[in-house]
Amino acid sequence: MVIHVFVGPTLPRSEPQLAAPGIRACPPAQHGDLFDPAIRSGDTVVIIDGVYHQAPALRHKEILAAMGRGVRVIGAASIGALRAAELAPYGMLGVGHVYAAYARGEIAGDDEVAVGQAPDGEFVALTWPVVNLRHTLQLARSAGVLDSVRAAHLLEALRAVYYPQRTWAAVRAVCRRMGEMEFVRWLAAQLERDQWFGDLKRADALAAVRTALDGSAARPLRAVGRASVWVTAYFRRWSNAFARARVDGLELFTEDRLVYQQVFDPAFAKTWGAYLEHRSLHPTDGSPGLPLAERLVQVTGGALSADRVFHPPVDLRDEQTVALLLAGETGQDRQAVAQYADALAEELRTRPGFTVAAVRDDLTRRLLMRVWQCSEQDFDAEASARGLVCGTHAVAAAKRLVPGLLREMTKTTARTEAASATR
């Protein structure tokens, strides 16, 4: 069993506890990280730090899904403490003073724990979070350096500084403006003796890692509820987008592999028909199974094809579903998927502001009709037969393939022209 610790500025990468056997140290958590296939049932996830502005934040339902498949999840110190307070009723375990303050409602919002960090990927904290400032001011009160009124005024002034700008220099400047240089000198002396003085987040993070290591989190999880209650269309979209596997030595996103088959496999209509038959015989809602033809007669009298009537959601986390939908995939197809992914990544890297959504609809539509060798009138029917519902959905799904397809067409044209020139 592995302990996956998502940590950044709260603990340095050199922290000895992060090198303990069984620990996998990961960067701050962001949207999609808990879909990582390396996180398995029986593992423990410790969420300490997470991203806020530079990438989409970790969603609550991703944590619920992880717990639902048997992963123990602990939160502490930073965004982990906030998520643990929000999800404690569903089995997430919170550790430490910051978590307790969130759980009791004494603090609220991610601004309490947010810090500015170095942009070089080292995840070093450059600013002071409010929870650490509050704790340090309490220590100053206990030491007789500040009284309660002065400490409260100082905290109000310090938290008014935007978190990426709340550096040690900014703290000194605010204190100087408020005539609290005695506090600055006292704090500087404490930090000289102990660089982690007043760092409540660090203490909580270390406690969370110890909790994971000593097995204190190995308790039965509370039920997270029926998946049908919280597995929404958005969650399915996220889980499909992050599903991936290593095949033929390639790390490939499963959704990319499926869309490639839907677009390029001339026999995919049969594959989709087999998937619809399977879903009809084995409904996921527990209802009785029926042969697809019989179900179709019940619904439409048999006047329409099954692909025009039934559009079941696809769960790319399900191995049987993936096996059915990728039944016609070849090793050459997987190589092509990797090449198309590289082409898209290059566009995203070299063209500022480029997004998949920005790929022109009319261009994508023309390319699909060219690949499918179909007319404008037959475009919707062809897309439906391939499990893409309609032409509009097909265009949206296929946009990720356009850079690779254009690159491939350019190479083909160049080869053709070169061959013609040698004749």
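Values quoted throughout were computed directly from the atomic coordinates according to the rules given, and no laboratory measurement underlies them. Because the structure is a prediction, the values reported are computed rather than measured. Don't worry about glycine lacking a Cβ; one is built from the backbone with ideal geometry, like all the others, and counts go over all protein chains shown.
Per q in 0.08 1/Å, what log10 I(q)/I(0) does a Debye calculation on the alpha-carbon atoms of the chain return?
Log10 I(q)/I(0), no solvent term: -0.61.
In percent, what relative contact order does the chain have, based on Cα pairs under 8 Å that are 6 or more apart in sequence? List each step's numbers first, then the result.
On the way: 583 pairs, mean separation 51.6, N = 423.
Computed value for the chain: 12 percent relative contact order.
Just name one of Ala114, Ala338, Ser142: the one whose Cα is farthest towards the positive end of the charge dipole of the chain (beta-carbon charges, Lys/Arg +1, Asp/Glu -1).
Ser142
Apply the Debye scattering formula to region 243-415, with a single equal point scatterer on each alpha-carbon and no solvent, then give log10 I(q)/I(0) at q = 0.12, 0.14, 0.19 Å⁻¹.
Calculated log10 I(q)/I(0) at the listed q: -0.60, -0.80, -1.33.
When the convex hull of the Cα atoms of region 130-200 is projected onto a plane and the area is averaged over all directions, what value comes out in nm²? Could you put the intermediate results ahead of the total?
On the way: hull surface 17.1 nm².
Mean projected area of the Cα convex hull: 4.3 nm².
Show that you can apply the helix-only estimate: for the chain, add -39,500 (n - 2.57) for every DSSP H stretch of four or more residues, divide by all residues, and state [θ] at 222 nm to the nearest 500.
Estimated from H runs of four or more residues: -15000 deg cm²/dmol.
Can you give me the relative contact order of region 243-415 as a percent, contacts being Cα pairs under 8 Å and 6 or more apart? It would help to have the intermediate numbers written out before the result.
On the way: 169 pairs, mean separation 47.0, N = 173.
Over region 243-415, the number comes to 27 percent.
Only four residue types carry charge here, +1 at the Cβ of Lys and Arg and -1 at the Cβ of Asp and Glu. Report the dipole size of the chain about the Cα centre in Debye, rounded to the nearest 20. Present the calculation step by step, with values, prior to reporting the outcome.
Numbers: 49 positive and 47 negative charges, 93 e Å.
Dipole magnitude for the chain comes out near 440 debye.
Which lysines have a Cα less than 20 Å from the Cα of Lys411, not counting those fewer than 8 places away in the same chain?
Lys399
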